[in-house]
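Only one structure is covered here, and it is reproduced in the block below.
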Amino acid sequence: MAGVPLVPCMECDDCLKGDYALCKHYSFIGSRQFGSFAEYVVVPERNAVKFDEEVTFEQGAFFEPATVALHGLQRLDYKGGGTVAILGGGTIGLLTAQFAKIFGARKVYVFDILDERLALASRLGEIEGINSSDKDWYEKAMEATEGKGFDYVYETAGNTITMKMAFRLAGSKAQVCFIGTPTRELCFSADEWEALNRKEFTLTGSWMSYSAPFPGKEWKLAAELFKSGQLKFDDSFVFKKMPLKDIARAFEMYKTPGMVKGKILIDSRVNE
């Protein structure tokens, strides 16, 4: 069973529309109230998502990022048969790339500066990679799309560089979604904004992973696709698995930039 962290009020206008992620009076298990860094945690019944035995503990722990990726994909009027650019090869980016392929993309390209992330993308399916630190990265992208640019662009890193890349990679009448959360001020040049005008592409954002009926189709599909094997889980998603008693050491590891590559899973079932 996987736990849904959002606890919406279910009474405000946004909740009554089924836009639970936009609730202004929500609680959140793990930030606004105590979370799962405990041997036991209590959640509302509707926040408990059952999954079959074929789904592993590790896959269950990745339901939340998987649903963030799927929600972001569906924030656009996504249809199969198009070309898709994923900007950022982290966990969310690689899950978004897989969903794009599952739902019929003709070509999916992941852009990242780490070759190991691009190699992982290729292991997860028919997903190509372009190292955006290469001098000719843009030329490669245009070659991949026959000079047209991409039909769909998903920014998943929340990085200033990749957010600006989206404006260059979008094709005419493209759709662009910013899934990543920015951490710095972001300004666009007149030329970059003119690209939006000239290409008439659509730009929107995505927040969390919920739809009606709560918690939404994103959570049901994540369970089904992990079970069927269509949504692939790679061991390298997990940097390290640690027992609950060592959680303080896990947090210390994050203080060293670049040390943790992937996720650290805290397993309350492991005591040694």
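Observations, loosely collected:
- If you go through the range 88-114 and pick out every residue that is of a type outside the set (A, V, I, L, M, F, W, C), at pLDDT 95 or above, open to solvent by 20 Å² or more (accessible area, probe 1.4 Å) and at negative phi, you end up with 5.
- Leu221 open to solvent by 30 Å² or more (accessible area, probe 1.4 Å) and more than 26 Å from Thr160 (Cα to Cα): yes
- Matching residues in the range 235-259 - criterion: being surrounded by 12 or more Cβ atoms within 10 Å (Cβ to Cβ) and either under 21 Å from Phe63 (Cβ atoms) or in contact (Cβ under 8 Å) with a residue 60 or more places away in the chain (or both): Ser236, Phe237, Val238, Phe239, Lys240, Lys241, Met242, Leu244, Ile247, Ala250
- Any chance Lys232 is basic (Lys, Arg), open to solvent by 80 Å² or more (accessible area, probe 1.4 Å), modelled with pLDDT under 90 and closer than 24 Å to Ser122 by Cα: no
- The single condition from (1) β-branched (Val, Ile, Thr); (2) more than 20 Å from Gly72 (Cβ to Cβ); (3) free of Cβ contacts under 8 Å to residues at least 40 places away in the same chain that Thr145 fails is (3).
- Test set (1) in contact with a strand residue (DSSP E or B) (Cβ under 8 Å, 6 or more places away or on another chain); (2) touching a residue at least 24 places away in the same chain (Cβ under 8 Å); (3) farther than 17 Å from Trp219 by Cβ - Ala38 fails condition number: (1)
- Any hit, the range 47-56, residues being surrounded by fewer than 19 Cβ atoms within 10 Å (Cβ to Cβ), at negative phi and without any contact (Cβ under 8 Å) to a residue 40 or more places away in the chain: yes
- Residue in the range 160-169 that is touching a residue at least 12 places away in the same chain (Cβ under 8 Å) and at positive phi present: no
- Residue selected from the range 144-193 under the condition modelled with pLDDT under 95 and of a type in the set (Asp, Glu), by the criterion most open to solvent (accessible area, probe 1.4 Å): Glu185
The values are calculated or read from the model by the stated rules, or taken from the named source; none is laboratory data. Quantities reported herein were computed from a predicted structural model and do not represent experimental measurements. All Cβ positions, even for glycine, are placed from backbone atoms using ideal geometry, and neighbour counts span all protein chains on display. Accessible surface is based on the protein model in full, side chains and every heavy atom, while ligands, DNA and RNA are left aside. Shrake-Rupley method; radii C 1.70, N 1.55, O 1.52, S 1.80 Å.
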